[in-house]
Amino acid sequence: MNKGLTIVIKQTFRSHFKTRGYWLLVLSPIIFAVVIGGIIFGVTQMQGNTTPTVAVIGNSQVRQVFIRDEKTLDIKVSKITDSQKANRSLAAQDLDGILTLQDDNATLTTQPKSNTINKEAFVSVLGNISRSQKATNYGLTAAQTQDLIQPFNLKSVVKQPDNKSTNGENSDMANYGIAVAIGIITTMIVMWYASMIATEIANEKSSRIMETLLAATSASIQYFGKMIGIFALAVTHLLIYIIAGAIGYVILQNNPMLDGIKQTFSGVTIGFSIYAVAFILISVALYLILTAMIASLINDNAQVQQAIQPITFLAMIGYMFSFIMTNMPNNLAIKILSYVPFISQSMMPVRLVTKVETWPAAILSLIISFVAMIVLAWFGKNIYAKNVLSYSDDKIMSQLIKNIKNRN
Amino acid sequence: MIQLTNLNKQFGDKVAVKNMNMALEPGKVMGLIGQNGAGKTTTFRMILNFIAPTSGDITWNGHPITQTDKQKIGFLPEERGLYQKLTIEEQILYFSELHGMTRSDTKIALADWLKRLDVVGKATDKVQSLSKGNAQKVQMIAALIFNPEFIILDEPFSGLDPVNTSIMMNEIVRLRDNGAMIIFSSHDMNNVTKISDNLTMLKQGEIVLQGGVQEIREQFGRTKVYVEGPFSKAELANIAGVTQINQQGAGFDITISDEATGHQIFDFVTRNGYIPAFSQQPPTLDDIFRQEVALS
Ligand SMILES: Nc1ncnc2c1ncn2[C@@H]1O[C@H](COP(=O)(O)OP(=O)(O)OP(=O)(O)O)[C@@H](O)[C@H]1O
Ligand SMILES: [Mg+2]
């Protein structure tokens, strides 16, 4: 690779990588996720700490069974066995419940501030005790008794069209999740990094560093170097999330919440993941190229917002369409838009995973975006080279139109 | 050697540079002088290929200037600009790396340059904390630290106080003695005279004067006389060939049409013997500049 290009890429990467702004950008979503996760974890934990204390009265044999099953019943059996004492304790809110056992029935008394007691579990334990007692009375053997009280096994399976069975929830949920995820990721990355590259170019142009830079290198080296540098920052950003995700996955391996997420996304294959990531990367590159091109028309930093507004707007459009699409996947306009660069990234991957489109169509859409990226990069390079050293007072749009008109 | 041949640049109908020819040689300093808008910056931009000439050629040792050649050019732009958020060192490291200098060499050289140019501040200071003059010195270091073979300085002395101006001049002379080709633009004739070997004077894009500094002055003849002594302005004005007299401190500045008139003035003012001052000089570049600009 060209030496000058490598230097520009490195410098662009380094000068941003070291800033507080970049790490704030990278870490704030992680911190956000950790805080939210922490709160949820804390709440569950607190509930776990409030195991209800229950006094079991009237049958010491049953009480022994309850003491044995404390863990599964998620209770603590109180030492109290005397009814009067128990009632006093309940009134003082030291107890969460009193289970009073008679021959064939039982009463669970609680108070308004009691921690939740799993009544189904009580019924099931008591039922088993009662059934095995009755079975003994009928003269059944231990094996027969065991067989009798065995619960019925019902398995739940969702059949996928590609013969891959998952025991997950509704797969619409997953697709919706993927649509939202791809949309949000692309839109966020575009918004962050478009403004980063626009600010960078506007800064160099307005502070007149450009002449010093162009004295040593060419405009195209500056253009591609900056873009690749910023792109590398975006990729690094994604990689940090992937690593953070992997670490989180290992830490939370046995967490029920993660199981839910895993189930939701179990329809997503490796092939699809690569496709979606490739699409996100290509479209981020497309947006960066467009931004760099427009930013070369900016004269000072104050114009940055004005310049990137239409670009973020464009990114938002794709995002919006991805929502509309989930409701009417076969609309013709939607079908066409899923091949249009700048928008297709938030449509085509979802259409692929929901089997609205086939792999060849999906690959075609990706290739169209890729070709658009190459053409725009070449075109943008010329616009950039022509404008980075000229300071026009015209509006950005009219400059752009002028540039396109007199292309030679 | 850098050679500009029949160089022309038009912006629409406006002619910015007209039929320019110029040769720059290693170990020689070329001063480019001209009024505002004369075409100095435009010339530099064409050499650096920021803008394409309308017609004409620019060559370095006979071939067009390539990207590899450009790495050996040190350029100080007219509009100064540095990354405000970077430190002096980060800034210089980047620019010199683009010019093919290694980072470790730059670090060693930078300490030396900061000392020599008397920059107030450390290499780890951010540029935004520097005074204008110090920022300008840093920019100068950025243009020169990699020992360029060809140096282009657009108004290098603007904004500098006399002490710093002479520091800069010493640097330019040092680089010249090391064999660099140097071209710089200036409005201040004094500076141009002091460090230029050759000069090119531009007027509305056209070269009106070109050559060695002394040679150009001599070309106008020794038509400036300065005298001090016991005589009046009216007496001097009576001498044939005197075109202008101005009181200048204790003496008179006299402009004459012909070098020979100097003899008559000398004979007249020394008719009674000793006088404290008599000198006959070619016009200064400043005089020539004014004279050329006035002609139109
Ligand atoms: N991009 C441009 N478009 C149109 N005209 C230009 C452009 N750049 C320069 N000019 C014109 O070309 C002429 C020469 O300008 P140039 O900047 O070369 O002057 P200069 O000698 O450097 O002046 P100064 O001493 O003020 O820096 C000026 O009349 C200027 O208006
Ligand atoms: Mg100029």
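Here is how the numbers come out for the structure above:
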item	result
Some residue of the stretch B:72-91 being away from ligand 2 (no atom under 16 Å from the Cβ) and away from chain A (no Cβ under 12 Å)	yes
Selection count, the stretch A:112-123, where residues are surrounded by fewer than 15 Cβ atoms within 10 Å (Cβ to Cβ) and either free of Cβ contacts under 8 Å to residues at least 24 places away in the same chain or part of a helix (DSSP H, G or I) (or both)	6
In the stretch B:136-161, the residues that are more than 14 Å from ligand 2 (Cβ to nearest atom), within 16 Å of A:I209 (Cα to Cα) and under 16 Å from the mean Cα position of the chain (by Cα)	B:M140
Test: residue in the stretch B:101-111 that is buried (at least 20 other Cβ atoms within 10 Å of the Cβ) and away from every other protein chain (no Cβ under 11 Å)	yes
Filtered residues of the stretch B:36-71 (kept if within 12 Å of ligand 2 (Cβ to nearest atom) and among the hydroxyl-bearing types (S, T, Y))	B:T41, B:T42, B:T43
B:I256 vs. criteria buried (at least 17 other Cβ atoms within 10 Å of the Cβ) and without any contact (Cβ under 8 Å) to a residue 24 or more places away in the chain	no
Qualifying positions in the stretch B:65-107 - β-branched (V, I, T) and assigned to a loop (DSSP other than H, G, I, E, B)	B:I65, B:T66, B:T102
Residue within the stretch B:145-157 that is among the β-branched types (V, I, T), within 23 Å of B:M22 (Cα to Cα), within 16 Å of ligand 1 (Cβ to nearest atom) and part of a strand (DSSP E or B) present	yes
Positions within the stretch A:1-43 being touching a residue at least 60 places away in the same chain (Cβ under 8 Å), among the β-branched types (V, I, T) and farther than 26 Å from A:V190 by Cβ, in sequence order	A:I7, A:I40
Residue selected from the stretch B:46-71 under the condition buried (at least 18 other Cβ atoms within 10 Å of the Cβ) and facing chain A (nearest Cβ under 8 Å), by the criterion nearest to A:F17 (Cα to Cα)	B:Q71
Scope the stretch B:19-45; condition within 12 Å of ligand 1 (Cβ to nearest atom) and either within 14 Å of another protein chain (Cβ to nearest Cβ) or surrounded by 19 or more Cβ atoms within 10 Å (Cβ to Cβ) (or both); matching residues	B:M20, B:L32, B:I33, B:G34, B:A38, B:G39, B:K40, B:T41, B:T42, B:T43, B:F44, B:R45
Checklist (1) touching a residue at least 60 places away in the same chain (Cβ under 8 Å); (2) surrounded by 15 or more Cβ atoms within 10 Å (Cβ to Cβ) applied to B:E228, failing item	(1)
Subset tally (residues that are buried (at least 16 other Cβ atoms within 10 Å of the Cβ) and within 23 Å of the chain's Cα centre (by Cα)) for the stretch A:330-355	14
Residues of the stretch B:180-190 satisfying the condition of being surrounded by fewer than 24 Cβ atoms within 10 Å (Cβ to Cβ) and within 14 Å of ligand 1 (Cβ to nearest atom)	B:S186, B:H187, B:D188, B:M189
Selection count, the stretch B:8-35, where residues are more than 10 Å from ligand 2 (Cβ to nearest atom), part of a strand (DSSP E or B) and in contact with a helix residue (DSSP H, G or I) (Cβ under 9 Å, 6 or more places away or on another chain)	9
Hits in the stretch A:212-236 - residues which are at the interface with another protein chain (Cβ under 9 Å from one of its Cβ atoms), of a type in the set (V, I, T) and without any contact (Cβ under 8 Å) to a residue 60 or more places away in the chain	A:T212
Qualifying residue in the stretch A:94-107 (condition: surrounded by fewer than 16 Cβ atoms within 10 Å (Cβ to Cβ) and modelled with pLDDT of 85 or more)	yes
Single match in A:I374, A:I324, A:I401 (criterion: within 23 Å of A:I274 (Cβ to Cβ), in a helix (DSSP H, G or I) and without any contact (Cβ under 8 Å) to a residue 24 or more places away in the chain)	A:I374
Number of positions in the stretch B:112-135 that are charged (D, E, K, R), more than 13 Å from chain A (Cβ to nearest Cβ) and more than 28 Å from the chain's Cα centre (by Cα)	2
So B:V208, is it within 30 Å of B:L32 (Cβ to Cβ), at pLDDT below 90 and buried (at least 16 other Cβ atoms within 10 Å of the Cβ)	yes
Residue, modelled with the lowest pLDDT, within the stretch B:112-140, restricted to residues that are surrounded by fewer than 20 Cβ atoms within 10 Å (Cβ to Cβ) and among the small types (G, A, S)	B:G121
Number of the condition not met by B:F50 [criteria: (1) in contact with a Leu (Cβ under 8 Å, 6 or more places away or on another chain); (2) in a helix (DSSP H, G or I)]	(2)
Any hit, the stretch B:211-218, residues being buried (at least 18 other Cβ atoms within 10 Å of the Cβ) and farther than 16 Å from B:V29 by Cα	yes
Neighbours by Cβ (under 6 Å, 6+ apart or cross-chain): first from the stretch B:37-49, in the same structural domain as B:T200 (by TED's automatic domain parsing); second near ligand 2 (Cβ under 8 Å from one of its atoms)	B:K40/B:S185; B:T41/B:E78; B:T41/B:D154; B:F44/B:D154
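Conditions (1) away from ligand 1 (no atom under 16 Å from the Cβ); (2) touching a strand residue (DSSP E or B) at 6+ places or on another chain (Cβ under 9 Å); (3) of a type outside the set (D, E), marked per residue:
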residue	(1), (2), (3)
B:S196	yes, yes, yes
B:M201	no, yes, yes
B:R217	yes, yes, yes
B:P230	yes, no, yes
B:I239	yes, yes, yes
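The values are calculated or read from the model by the stated rules, or taken from the named source; none is laboratory data. Only a predicted model underlies this, so the values are computations on that prediction, with no experimental measurement involved. Please note: Cβ atoms are built from the backbone with ideal geometry, for glycine as well, and neighbour counts cover all protein chains shown.
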